[in-house]
1. Work out how far the C-alpha atoms of the chain reach from end to end along every principal axis, then list the three figures in whole Å, largest first.
2. Please list, by residue number, every one of the trypsin sites (Lys or Arg not before Pro) in the stretch 38-123 that is coil in DSSP and has at most 11 other beta-carbon atoms within 10 Å.
3. With just the Cα atoms defining each centre, how far is the stretch 1-26 from the stretch 83-120? Give it in Å.
4. Check the straight Cα-Cα distances from K43 and name the lysines below 27 Å, setting aside those fewer than 8 residues away within the same chain.
5. Around Y59, with a cut-off of 13 angstrom between Cβ atoms, what is the net charge of the other residues, counting Lys and Arg +1 and Asp and Glu -1?
6. So how do I109, I34 rank on accessible area, 1.4 Å probe, biggest first, that is with the largest at the start?
7. Roughly how much of R104 is accessible, in Å² to the nearest 10, using a 1.4 Å probe?
Amino acid sequence: EVQLQASGGGSVQAGGSLRLSCVASGFSFDDYSISWFRQAPGKGREGVSGISNRDGNTYYADSVKGRFTISSDNARKTVFLQMNSLKAEDTAVYYCAAVPPGHRPDDLIVDFWGQGTLVTVSS
């Protein structure tokens, strides 16, 4: 049974920080990139960040570079997204997902979707 369990969302004032976690199980974790996507109400889903569990390469959308940091604890099959200097436009449901080798989050090629966790940033 494939599971990607996201947690850590909440409400924060602009300029604040949150740390999201994604715990994976039921598939070959080391063969995938684990990526974060987000979707605001009425808008399309967009790739935010990703990390390769093969080589550690990371990806960040231009809108979050310098503010968000992705990391992975392979032993615990957990990926984190540290979000600093949050802005109102970061408000969205954040999803973690398993992305196959050779793709990055903005390709929107996903093998397994996880649950969402809501992030609300007040201006």
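The values are calculated or read from the model by the stated rules, or taken from the named source; none is laboratory data. Just so it is clear, the structure is predicted and the values come from calculations on it, not from any experiment. Note that we place each Cβ from the backbone using ideal geometry, even for glycine, and neighbour counts take in every protein chain shown. Ligands, DNA and RNA are stripped out before the accessible areas are found, and what is left, the full protein with its side chains, is counted by its heavy atoms. Shrake-Rupley method; radii C 1.70, N 1.55, O 1.52, S 1.80 Å.
1. That gives 40, 26, 25 Å along the principal axes, largest extent first.
2. Passing sites in the stretch 38-123 are K43, R54, K65.
3. Each part reduced to its Cα centre gives a spacing of 10 Å.
4. Result set, ordered by chain and number: K65, K87.
5. For residues surrounding Y59, the net value is -3.
6. I109, I34
7. Estimated to the nearest 10 Å², R104 gives 120 Å².
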